[in-house]
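Colleague: Attaching a single structure in structure tokens format; questions to follow.
The values are calculated or read from the model by the stated rules, or taken from the named source; none is laboratory data. Computed from a predicted structure; not experimentally measured. Because the Cβ atoms are built from the backbone with ideal geometry, glycine has one as well, and the counts that use them run over all protein chains shown. Just the protein is used for accessible areas: all its heavy atoms, side chains included, with ligands, DNA and RNA removed. Shrake-Rupley method; radii C 1.70, N 1.55, O 1.52, S 1.80 Å.
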Amino acid sequence: MKPTDIGTPDYFHKVVDCQWACPAHTPVPEYIRLIAQGRYADAYMINWTSNVFPGILGRTCDRPCEPACRRGRVEENQGEKPEPVAICRLKRVAADYKGDVKSRLPRPAAKKNGKRVACVGGGPASLTVARDLAPLGYHVTIFEADQRAGGMIRTQIPKFRLPESVIDEEVGYVLDLDVDFRPNHRVESLKELLGHGYDAVFVGSGAPRGRDLDVPGREEAAKHIHVGIEWLASVSFGHITKVGRRVIVLGGGNTAMDCCRSARRLGGEDVKVIVRSGYEEMKASPWEKEDAVHEGIPILNFLVPKAFVHEQGRLTGMTFEKVQAVYDDKGRRSLVPTGEPEQHFECDEVLVAVGQENAFPWIERDTGVEFDKWGMPVLDPKTLQSTLPSVFFGGDAALGPKNIIWAVAHGHDAAISIDRFCRGEDVAVRPPALMNLVSQKMGIHEWIYDNQIVPDARNRVPLKELTIALKDIRQEVELGFDPELAWKEAQRCLNCDVQTVFVPKLCIECDACVDICPMDCITFTADGEEAEVRARLNAPARNPAQDLYVGAGLKTGRIMAKDEDVCLHCGMCAERCPTGAWDMQKSFIEMTHAGPGCREGAAPRKAA
Amino acid sequence: MTYLAKPKLHHPDLPANALGFTRRDYEGTISTLCAGCGHDSISAAIIQACWELAIQPHRVAKLSGIGCSSKTPTYFLDKSHGFNSVHGRMPSVLTGANLANRDLIYLGVSGDGDSASIGLGQFAHSMRRGVNMTYIVENNGVYGLTKGQFSATADRGSKSKRGAVNTDEGIDLAILALQLGATFVARSFSGDKEQLVPLIKGALTHPGAAFIDVVSPCVAFNNHEGSTRSYDYVRNHNEAVNRLDVITVHREITAEYPPGSVQEVRQHDGSLLRLRKLSEDYDSSSRISAMSYVQSRYAHGEIVTGLLYVEPGAGDLHESLGTVDRPLNELGEKELCPGSAALAKFNASLR
Ligand SMILES: Cc1cc2nc3c(=O)[nH]c(=O)nc-3n(C[C@H](O)[C@H](O)[C@H](O)COP(=O)(O)OP(=O)(O)OC[C@H]3O[C@@H](n4cnc5c(N)ncnc54)[C@H](O)[C@@H]3O)c2cc1C
Ligand SMILES: Cc1ncc(C[n+]2csc(CCOP(=O)(O)OP(=O)(O)O)c2C)c(N)n1
Ligand code: SF4
Ligand code: SF4
Ligand code: SF4
Ligand SMILES: [Mg+2]
């Protein structure tokens, strides 16, 4: 096998599973350590640099990092249920306890650079573009149809999950960078906007259209049937303050979960969610489902809506057909009626949360911005540039409805593209991430990082008592970790960014590391083809998504093969190595954002 | 010396043996030996062997003397019986324990200083009496614990870390064991677990005196140029004569070998020792040819490793003394003091 080149920027990044999985590549273990040390403001700034909205994301993020977390792999077979570190809710701790960080935020540019960028929509995608470009001197104008900035963060996500004050604070940090925010300004024509001579246009207009359900009775009972995301927006604006006693929510995604939980708080006593699929296949995140169930909301599955039942224009219930999942020999699922009689559920109101769509009615089809047959803009997925070079897309508008952290990641990528585009540089050239390796050895048996592995199970976030929480839709239901619980949870992090670095020429092949490794990660063995080597390691490496770290040049001619998959980063190998052939080195990896570091002729970045 | 505890988490696929234990269940506390010490690898091999044999840990008695090597029983099998005797006295303490309770599996761990210097006599008598035990010497050619003086097994002409040359003849404990009547004699290297683990398994299942001399580099005091116990020297001069597979009663025999290349030895407990020959003319069923082969290769600077000798029909001390099958420590007053009538009868038999 080819010896591993640890200088390849992505090699160690991939080992930090959470950071690698985070669309914005937030240096997770670094901020978790800072939280453990009580350095909340520092932890906040690491986050703010990467993901712009730590307080918001610490409450709402879709957390792609958590399923990726190593803890969920290595606890396997030894805990009741292996669970990742509560990465997301630790982020909230940084935001809750940071104090005043204003002095650490960038200042508005002292001098403008003369370039003008227009952003359509004021959601997280556009706000990220503005955050990255405004301090560089760009004149950034955000056009937003609503009165306030934040996009769906502001209008859709219920306040019991995300208090308004948190949105105000973090959206404020961006707008305070001398961003030209134009509220109540819906852009009606891209052509017209382009006519104003902007150097670049960023489209962050989201996926604003909620799918409807066209079954008999829809029109007749229309007064008591609402499209979920529109209903949520009306709730958010205070236009809707009540709901019927018996509510059915259709759909199995996160919007459905927000609808049913909101309905519980607006007077709905008998609220149920009804989905076509099985419980497990529902699109909603597991924790969103748990929260709904905790609030006394049953989730009924394998029921396909057939008709709205109504009497004299008043909705009285709905009928459903029972189905079951049938898999063909290719493993594809179809839902087949079971033949049981239709089921009827009484209700006073129905919330339809069966999906979200993009819509670009304001973009004329002859501007040069091409759309594919699904009505989505044709983009370069890396640069987010459209077929009209000065127009870029990001967030839900780019690739369909996703989530906040993807919107932020797109914002960063688009900002790099715009920065290079405005300087006449090739947009396709992307800046490498910063990577810094620092040995954690302090002395004999002394390490800078806390390498003790705690066996603790994941800590639960304390909740407000249900009876109080359900009374007021603006009461935040999660209380968040207090510093003590946060410290306990932080201890569960394995410090995957503290890397095992192997120097073959120092190794005397004494096997000390092999013998001590609690996970049987390390093997000294004859060289061979990767697949075959993987099968004959001390513990076979069965996860091809994780690399083998290969060291060559040993005296016996064997190779050192280490399976990165289940390494605990405990440092036992380095602790027991007599020659220092293993060292534990912290890899600090930070993405390069728009600015000098992403431009032609930039010197490679070095961390301080 | 490491202060951190080894994390309890283990590989998610770590297999369990017939008793439902994983290998980690056979570990002890974390080693306090120098990082890189060969002795730690031998501990790992003992753990592996006991796990593979699915030995119940409480059925093992591990005894040792004094030295870095003799400290190691703390680092494996922490659910077993343990005894740290005085320097060089492990064999007699073990013999006593074995006589009192023949039902346990006896594992004696010692060093070259412990066994070839102060304890040479003890070593010799346990071998010639055929005490049913596994006797492992972790042989590094020095007194590690007392900072690296030459031990009695150090080769004549080898150099100490500070450059002094050893002028005394070295004792080869494997040759001594052969000559003293041990019925299972092997030599191995701490850095070759593939060879060592089956040898330990074979020794543990062997029903008589089993001796293994394990060359085990002392990284602190005997791993330099001029040493004949360094990792490099041993790797370059190691001549393995065979590979052992231990097939316990329950396991089916599947592997096939070319005829003539395999020697099989059925032991009392039903286990099968299968030897794959690496050296054509090596015969491990002959004590005399084993001794002459080992010594002639030694004259050429080679260290012969593998199962040097095994006696299929071996017996042990209990057999030659004719003790009862029931462990003596289980006998009650009635059996031990059969009364004056029995005594009178016995006395009469001697007249
Ligand atoms: C009910 C619900 C709950 C959600 N919960 C979560 C959650 O918990 N976690 C999570 O990560 N994601 C969640 N999401 C998804 C998340 O809100 C979006 O993915 C994210 O906000 C997308 O950001 P964006 O910047 O692309 O667009 P948006 O946030 O949609 O912002 C687009 C903005 O553009 C404005 N706009 C549109 N067209 C024009 C125009 N022509 N002129 C001017 N302005 C215009 C809109 O008014 C809007 O403010 C949720 C979505 C919904 C519907
Ligand atoms: C009666 C007695 N004499 C001397 C000593 C000092 N002493 C302690 S360990 C040791 C030598 C140990 O050498 P070895 O058995 O080879 O063990 P190693 O440390 O090399 O593994 C000696 C001489 C002692 N502890 N007791
Ligand atoms: S840090 Fe070293 S000893 Fe610890 S699990 Fe990883 S490879 Fe094994
Ligand atoms: S402990 Fe160090 S010297 Fe020994 S085998 Fe491992 S890397 Fe090599
Ligand atoms: S002194 Fe030698 S024998 Fe003792 S622990 Fe250190 S390396 Fe091992
Ligand atoms: Mg010694």
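Colleague: Test A:ILE508 against the criterion of being in contact with a Phe, Trp or Tyr (Cβ under 6 Å, 6 or more places away or on another chain), among the hydrophobic types (A, V, I, L, M, F, W, C) and in contact (Cβ under 8 Å) with a residue 40 or more places away in the chain, and give yes or no. Full working, then the answer.
Modeller: Numbers: in contact with a Phe, Trp or Tyr (Cβ under 6 Å, 6 or more places away or on another chain): yes; among the hydrophobic types (A, V, I, L, M, F, W, C): yes; in contact (Cβ under 8 Å) with a residue 40 or more places away in the chain: yes.
Here the answer is yes, as A:ILE508 does meet what is asked.
Colleague: Right, another one. Would you check if there is a residue in region A:450-469 being within 22 Å of A:GLY394 (Cβ to Cβ), in a helix (DSSP H, G or I) and among the polar types (S, T, N, Q)?
Modeller: No: zero hits.
Conditions (1) within 14 Å of another protein chain (Cβ to nearest Cβ); (2) more than 16 Å from ligand 4 (Cβ to nearest atom); (3) open to solvent by less than 40 Å² (accessible area, probe 1.4 Å), marked per residue:
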site	(1), (2), (3)
A:ARG73	yes, yes, no
A:PRO84	no, yes, yes
A:ARG107	no, yes, no
A:ASN113	no, yes, no
A:ARG116	no, yes, no
A:CYS119	no, yes, yes
A:ASP132	no, yes, yes
A:TYR138	no, yes, yes
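Colleague: May I pose another question? Could you tell me which numbered condition A:THR241 fails, if it satisfies all but one of (1) open to solvent by less than 50 Å² (accessible area, probe 1.4 Å); (2) within 21 Å of A:GLU476 (Cβ to Cβ)?
Modeller: Here A:THR241 clears every test but (1).
Colleague: Moving on to the next point. Residue under question is A:GLY217, and the condition is that it be farther than 30 Å from A:SER417 by Cα, touching a Phe, Trp or Tyr at 6+ places or on another chain (Cβ under 6 Å) and either open to solvent by 30 Å² or more (accessible area, probe 1.4 Å) or part of a loop (DSSP other than H, G, I, E, B) (or both); does it hold?
Modeller: Working: farther than 30 Å from A:SER417 by Cα: yes; touching a Phe, Trp or Tyr at 6+ places or on another chain (Cβ under 6 Å): yes; either open to solvent by 30 Å² or more (accessible area, probe 1.4 Å) or part of a loop (DSSP other than H, G, I, E, B) (or both): yes.
Yes, satisfied.
Colleague: Could I ask something else about it? Taking the conditions exactly as written (of a type in the set (Gly, Ala, Ser), more than 27 Å from B:ILE47 (Cα to Cα) and more than 16 Å from ligand 1 (Cβ to nearest atom)), does B:SER160 satisfy them or not? Before the answer, list the steps.
Modeller: Working: of a type in the set (Gly, Ala, Ser): yes; more than 27 Å from B:ILE47 (Cα to Cα): yes; more than 16 Å from ligand 1 (Cβ to nearest atom): yes.
The answer is yes for B:SER160.
One line per residue, one yes/no per condition, for (1) closer than 24 Å to B:GLY306 by Cβ; (2) within 16 Å of ligand 4 (Cβ to nearest atom); (3) more than 14 Å from chain A (Cβ to nearest Cβ):
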| position | (1), (2), (3) |
| --- | --- |
| B:THR134 | yes, no, yes |
| B:VAL142 | no, no, yes |
| B:GLY148 | no, no, yes |
| B:LYS159 | no, no, yes |
| B:ARG162 | no, no, yes |
| B:ASN166 | no, no, yes |
| B:LEU178 | yes, no, yes |
| B:ALA182 | yes, no, yes |
| B:GLY191 | yes, yes, no |
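Colleague: For region B:120-168, which positions are part of a loop (DSSP other than H, G, I, E, B), more than 25 Å from B:THR205 (Cα to Cα) and more than 16 Å from ligand 6 (Cβ to nearest atom)?
Modeller: Step one: filter region B:120-168 for residues part of a loop (DSSP other than H, G, I, E, B), giving B:130-132, B:140-141, B:144-148, B:151-158, B:160-164, B:166-168.
Within this subset, residues satisfying the condition of being more than 25 Å from B:THR205 (Cα to Cα) are B:140-141, B:144-148, B:151-158, B:160-164, B:166-168.
Result: B:ARG156, B:GLY157, B:ARG162, B:GLY163, B:ALA164, B:THR167.
Colleague: Would you say A:PHE53 is at pLDDT 95 or above, out of contact with any helix residue (DSSP H, G or I) (no Cβ under 8 Å at 6 or more places or on another chain) and crowded, with 21+ Cβ neighbours inside 10 Å? Let's see the steps before the verdict.
Modeller: Working: at pLDDT 95 or above: yes; out of contact with any helix residue (DSSP H, G or I) (no Cβ under 8 Å at 6 or more places or on another chain): no; crowded, with 21+ Cβ neighbours inside 10 Å: yes.
Judged against the criteria, A:PHE53 is not a match.
Colleague: Take A:GLN37 and tell me if it is buried (at least 24 other Cβ atoms within 10 Å of the Cβ) and at pLDDT 95 or above. Show your work before the answer.
Modeller: Numbers: buried (at least 24 other Cβ atoms within 10 Å of the Cβ): no; at pLDDT 95 or above: yes.
For A:GLN37, the condition - buried (at least 24 other Cβ atoms within 10 Å of the Cβ) and at pLDDT 95 or above - is not met.
Colleague: State whether one or more residues within region A:525-538 are facing another protein chain (nearest Cβ under 10 Å) and buried (at least 20 other Cβ atoms within 10 Å of the Cβ).
Modeller: No, every residue in region A:525-538 fails to be facing another protein chain (nearest Cβ under 10 Å) and buried (at least 20 other Cβ atoms within 10 Å of the Cβ).
Colleague: In region B:30-60, what residues are in contact (Cβ under 8 Å) with a residue 24 or more places away in the chain, open to solvent by 10 Å² or more (accessible area, probe 1.4 Å) and more than 28 Å from B:SER230 (Cβ to Cβ)?
Modeller: Hits for region B:30-60 are B:TRP51, B:GLU52, B:LEU53, B:ALA54, B:ILE55, B:GLN56, B:PRO57, B:ARG59.
Colleague: While we're on this one: Give the residues of region B:1-33 that are touching a strand residue (DSSP E or B) at 6+ places or on another chain (Cβ under 9 Å) and either within 16 Å of ligand 5 (Cβ to nearest atom) or hydroxyl-bearing (Ser, Thr, Tyr) (or both), sorted by residue number.
Modeller: B:THR22, B:TYR26, B:GLY28
Colleague: Only one of A:ASP511, A:ASP450, A:ASP456, A:ASP472 is among the acidic types (Asp, Glu) and assigned by TED's automatic domain parsing to the domain that holds A:ASP565; which?
Modeller: Numbers: A:ASP450 fails: assigned by TED's automatic domain parsing to the domain that holds A:ASP565; A:ASP456 fails: assigned by TED's automatic domain parsing to the domain that holds A:ASP565; A:ASP472 fails: assigned by TED's automatic domain parsing to the domain that holds A:ASP565.
The unique qualifying residue is A:ASP511.
Colleague: Here is a further query. Grab the strands (runs of 3 or more DSSP E) fully contained in region A:316-367, keeping just those with 2 or more residues being more than 16 Å from ligand 2 (Cβ to nearest atom) and open to solvent by less than 40 Å² (accessible area, probe 1.4 Å). Break it down into steps so the answer makes sense when it comes.
Modeller: Values: elements: A:333-337, A:343-346, A:349-352.
The qualifying strands (runs of 3 or more DSSP E) are A:349-352.
Colleague: Quick one: A:VAL550 ticks every box in (1) under 33 Å from the mean Cα position of the chain (by Cα); (2) buried (at least 22 other Cβ atoms within 10 Å of the Cβ); (3) not in a helix (DSSP H, G or I) except a single one, so which number is it?
Modeller: Going through the list (1) under 33 Å from the mean Cα position of the chain (by Cα); (2) buried (at least 22 other Cβ atoms within 10 Å of the Cβ); (3) not in a helix (DSSP H, G or I), A:VAL550 breaks only (2).
Colleague: Tell me, yes or no, whether region A:590-601 has at least one residue that is within 26 Å of A:LEU34 (Cβ to Cβ), modelled with pLDDT under 95, within 14 Å of chain B (Cβ to nearest Cβ) and outside any loop (DSSP other than H, G, I, E, B).
Modeller: no
Colleague: Can you name every one of the helices (runs of 4 or more DSSP H) wholly within region B:1-119 that holds 3 or more residues which are within 11 Å of chain A (Cβ to nearest Cβ), at pLDDT 95 or above and away from ligand 1 (no atom under 16 Å from the Cβ)? Spell out the reasoning first.
Modeller: Details: elements: B:38-52, B:68-71, B:90-100.
Fully inside region B:1-119 and qualifying: B:38-52.
Colleague: Across region A:449-471, which residue is surrounded by the fewest Cβ atoms within 10 Å (Cβ to Cβ) among those that are among the hydrophobic types (A, V, I, L, M, F, W, C) and closer than 18 Å to B:LYS6 by Cα?
Modeller: Narrowing region A:449-471 to residues among the hydrophobic types (A, V, I, L, M, F, W, C): A:453-454, A:457, A:461, A:463, A:466, A:468-470.
Remaining after also requiring closer than 18 Å to B:LYS6 by Cα: A:453-454.
Numbers: A:ILE453: 23, A:VAL454: 16.
In this case the residue turns out to be A:VAL454.
Colleague: I'd like the residue in region A:555-568 that is of a type outside the set (Lys, Arg) and facing chain B (nearest Cβ under 10 Å) and, out of all such residues, is farthest from B:LEU9 (Cα to Cα). Walk me through it before giving the result.
Modeller: Step one: filter region A:555-568 for residues of a type outside the set (Lys, Arg), giving A:556-557, A:559-561, A:563-568.
Pick out the ones that are also facing chain B (nearest Cβ under 10 Å) and you get A:556, A:563, A:565-566, A:568.
On the way: A:THR556: 31, A:ASP563: 16, A:ASP565: 14, A:VAL566: 10, A:LEU568: 9 Å.
The extreme case among them is A:THR556.
Colleague: Collect the residues in region A:508-523 that are surrounded by fewer than 24 Cβ atoms within 10 Å (Cβ to Cβ) and more than 9 Å from chain B (Cβ to nearest Cβ), keeping them in residue-number order.
Modeller: A:THR523
Colleague: I need every pair where a residue in region B:175-196 that is under 14 Å from B:PRO217 (Cβ atoms) has its Cβ under 8 Å from the Cβ of a residue that is acidic (Asp, Glu), sequence separation at least 6 or different chains.
Modeller: If the second residue must be acidic (Asp, Glu), the pairs left are B:SER188/B:ASP213; B:SER190/A:ASP511; B:SER190/B:GLU138; B:GLY191/A:GLU509; B:GLY191/A:ASP511.
Colleague: Tally the residues that are within 13 Å of chain A (Cβ to nearest Cβ) and closer than 25 Å to B:ALA203 by Cα, restricting the search to region B:230-250. Walk me through how you get there before you give the answer.
Modeller: If we filter region B:230-250 for residues that are within 13 Å of chain A (Cβ to nearest Cβ), which is where we start, we get B:230-236, B:238.
In the following step, the residues that additionally are closer than 25 Å to B:ALA203 by Cα were identified as B:231, B:234-235, B:238.
Qualifying residue count, region B:230-250: 4.
Colleague: Out of (1) free of Cβ contacts under 8 Å to residues at least 60 places away in the same chain; (2) more than 30 Å from A:THR579 (Cβ to Cβ); (3) of a type in the set (Lys, Arg), the odd one out for B:ARG102 is which?
Modeller: All conditions are met except number (1).
Colleague: Tell me, yes or no, whether region A:155-177 has at least one residue that is outside the structural domain of A:ASN47 (by TED's automatic domain parsing), over 25 Å from the mean Cα position of the chain (by Cα) and of a type in the set (Val, Ile, Thr).
Modeller: For region A:155-177, residues outside the structural domain of A:ASN47 (by TED's automatic domain parsing), over 25 Å from the mean Cα position of the chain (by Cα) and of a type in the set (Val, Ile, Thr): absent.
Colleague: So is B:VAL214 open to solvent by 30 Å² or more (accessible area, probe 1.4 Å) and not aromatic (Phe, Trp, Tyr) or not? So that I can check it myself, show each step before the final result.
Modeller: On the way: open to solvent by 30 Å² or more (accessible area, probe 1.4 Å): no; not aromatic (Phe, Trp, Tyr): yes.
Spelling it out, it is not the case that B:VAL214 is open to solvent by 30 Å² or more (accessible area, probe 1.4 Å) and not aromatic (Phe, Trp, Tyr).
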